[in-house]
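Everything on this sheet refers to the single structure shown next.
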Amino acid sequence: MNANDITLTQVDTLGLLLAQIAELTAKADAIKDELKDAATAGGPKVVEGNLFKATVVESNRVVFDKEKFIKKFGAEEYSNYTKVSAHFAVKTTSR
């Protein structure tokens, strides 16, 4: 069955769009990796194209170690500093 042979529902259109986004994201990530690799090897951190400019920026990230906190202070203390909020997501898979 070909997607052109059937009437697409809203969910079908969403699935097709997400598949295209995934493919484009993979291509963009590969280019970003090349730029980052070149910059960290001593190459340029700013690369000019004909239409766009890319800048490789390095930063430090701080991550909270939840397991270490719980081990030291306990799960109850951890729960005193956490909150729960509703979150909605739409998961799409092919059939």
task = Name, by its number, the condition in (1) free of Cβ contacts under 8 Å to residues at least 40 places away in the same chain; (2) open to solvent by 80 Å² or more (accessible area, probe 1.4 Å) that does not hold for ILE70.
result = (2)
query = more than 17 Å from the chain's Cα centre (by Cα), aliphatic (A, V, I, L, M) and at pLDDT 95 or above: does that describe ALA75?
reply = yes
message = If I go through the stretch 51-95 residue by residue, how many of them are of a type in the set (A, V, I, L, M, F, W, C) and under 30 Å from THR9 (Cβ atoms)?
response = 4
ask   = Given (1) in a helix (DSSP H, G or I); (2) open to solvent by 90 Å² or more (accessible area, probe 1.4 Å); (3) of a type in the set (Gly, Ala, Ser), where does SER94 come up short, assuming only one miss?
value = (1)
message = Suppose we keep only residues that are assigned to a loop (DSSP other than H, G, I, E, B) and of a type in the set (D, E, K, R) within the stretch 41-64. Which one would you say is nearest to the chain's Cα centre (by Cα)?
response = ARG61
ask   = ASP29: at pLDDT 95 or above, farther than 26 Å from VAL90 by Cα and open to solvent by 60 Å² or more (accessible area, probe 1.4 Å), yes or no?
value = no
ask   = Among (1) assigned to a helix (DSSP H, G or I); (2) more than 17 Å from SER94 (Cα to Cα), where does ILE21 come up short?
value = (2)
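The values are calculated or read from the model by the stated rules, or taken from the named source; none is laboratory data. Keep in mind that what you see is a predicted model, and the values were worked out from it rather than measured. Quick reminder, even Gly has a Cβ in these numbers, built from the backbone with ideal geometry, and neighbours come from all protein chains shown. Surface accessibility is based on the protein's heavy atoms, side chains included, excluding ligands, DNA and RNA. Shrake-Rupley method; radii C 1.70, N 1.55, O 1.52, S 1.80 Å.
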